[in-house]
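Participant: Handing you a structure now.
Throughout, read-outs are computed from the coordinates displayed, never taken from laboratory work. All values reported here derive from a predicted model rather than from experimental measurement. Ideal geometry is used to build each Cβ from the backbone, glycine not excepted, and the neighbour counts take in all protein chains shown.
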Amino acid sequence: MEIKKADYLISNADYRQCPKPDQPEYAFIGRSNVGKSSLINMLCQNNKLAKTSSAPGKTQLINHFEIQSTVRNGKGFGKWYLVDLPGYGFAKVSQSDRRRWEQMIENYLRKRENLVNVFVLIDSRHKPQKIDLEFISQLDGWEIPFTLVFTKTDKEKPAVVAANIKAFFDTMRETWQFLPQHFVTSAEKKQGREEILSFIEMKNESLA
């Protein structure tokens with residue numbers, strides 16, 4: 001799959017105001033400052049698509065982008081939605097704002113009928129974080145399909161990245177029978193781009 005065009009559509013705080021659910025939808029979420037906007041821009045090869053910031057909590061709404069991509073063998077969808085969700089975790093916001101974000105995200109994840117998959121971003125520079133493990137357990141409880149995306153692999157030594165990823169899955173094995181699919185990425189080096197786009201292409205073909 002190659003992306004031919006990526007356009008920003010709308011931002012809102014209510015899943016009921018999202019675009020008509022007539023195309024497959026893929027959401028990206030992760031702890032604040034995990035590199036989500038950089039990854040989205042890398043996938044779409046547009047550094048100005050999603051707003052990046054060194055300050056956590058920049059994304060505060062449900063942001064929809066419409067993607068036009070190539071279709072293999074005439075199968076699948078040539079258009080789909082990419083969604084940039086607010087990060088979870090330690091952004092400097094009030095308790096009321098944090099709860100509002102959490103409710104907005106939960107409503108979207110549980111009620112958005114065309115949502116195909118959630119990409120949960122994990123910072124590969126760190127050892128397993130409780131907040132990430134709790135979030136994916138919540139997704140599992142809600143029966144929402146997800147895959148893991150380990151980010152920022154270029155920011156740390158390969159041995160450290162490998163050890164952190166292994167530790168994450170070792171921790172999951174304590175309570176999970178089956179481990180989710182995962183991707184290892186670097187927005188800087190465009191690592192993982194083809195793998196993620198191929199995954200989306202496969203999903204789009206299965207829905208056609």
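Participant: Roughly how many debye, to the nearest 20, is the charge dipole of the chain about its Cα centre, given +1 on each Lys and Arg Cβ, -1 on each Asp and Glu Cβ, and no other charges?
Facilitator: Roughly 520 debye for the chain.
Participant: If we count other beta carbons within 10 Å of each Cβ, what is the order of Phe135, Phe119, Phe183, fewest first?
Facilitator: Working: Phe135 21, Phe119 26, Phe183 18.
Least crowded to most crowded, the residues run Phe183, Phe135, Phe119.
Participant: Hey, can you grab everything whose amide H is under 5 Å from the amide H of Ile10? Only 5+ residues off in sequence or another chain; H modelled, so Pro and N-termini drop out.
Facilitator: The answer is His64.
Participant: Nearest 5 is fine: what % of DSSP beta bridges in the stretch 3-207 come out antiparallel, could you say? Numbers along the way, then the final one.
Facilitator: Values: 15 of 35 bridges.
Antiparallel bridges: around 45 percent, rounded to the nearest 5.
Participant: Now a separate question. Sort Thr70, Thr185, Thr153, Thr175 so the one with the fewest other Cβ atoms within 10 Å of its own Cβ comes first. Display every interim value, and only then the final one.
Facilitator: Details: Thr70 12, Thr185 27, Thr153 24, Thr175 9.
Listed from fewest to most nearby Cβ atoms, that is Thr175, Thr70, Thr153, Thr185.
Participant: With θ set to phi - 60°, apply the Karplus curve 6.51 cos²θ - 1.76 cosθ + 1.60 along the stretch 158-175 and write out the HN-Hα couplings as whole Hz, x wherever there is a Gly or Pro.
Facilitator: x, 5, 5, 4, 4, 5, 5, 5, 4, 5, 4, 6, 4, 5, 4, 4, 5, 10
Participant: Based on the alpha-carbon gyration tensor of the stretch 105-208 and its eigenvalue square roots a ≥ b ≥ c, which shape applies: rounded if a/c is under 1.5, prolate if not and a/b is larger than b/c, or oblate?
Facilitator: On the way: a/c = 2.00, a/b = 1.25, b/c = 1.60.
Oblate shape, in that a/c is at least 1.5 and b/c is the bigger or equal ratio.
Participant: Give Lys5/Lys79; Lys4/Lys48; Lys48/Lys130; Lys127/Lys155; Lys130/Lys166; Lys155/Lys190 a once-over and call out the pairs whose C-alpha atoms are over 20 Å from each other. Spell out each step's value before the answer.
Facilitator: Numbers: Lys5/Lys79 9 Å; Lys4/Lys48 15 Å; Lys48/Lys130 32 Å; Lys127/Lys155 14 Å; Lys130/Lys166 15 Å; Lys155/Lys190 13 Å.
Going by Cα-Cα distance, Lys48/Lys130 fall outside the 20 Å limit.
Participant: So who's got an amide H within less than 5 Å of the one on Gly30, skipping anything under 5 residues away but keeping other chains? H placed 1.01 Å off N, in plane.
Facilitator: The answer is Tyr88, Leu121.
Participant: What list of ³J(HN,Hα) couplings, whole Hz, do you get for the stretch 64-69 from phi and the Karplus terms 6.51, -1.76, 1.60, once you set θ to phi - 60° and write x for glycine and proline?
Facilitator: Couplings: 9, 10, 9, 10, 10, 9 Hz.
Participant: What are the extents of the Cα atoms of the chain along their three principal axes, in Å, largest first?
Facilitator: Projected onto its principal axes, the Cα set of the chain covers 41, 40, 35 Å.
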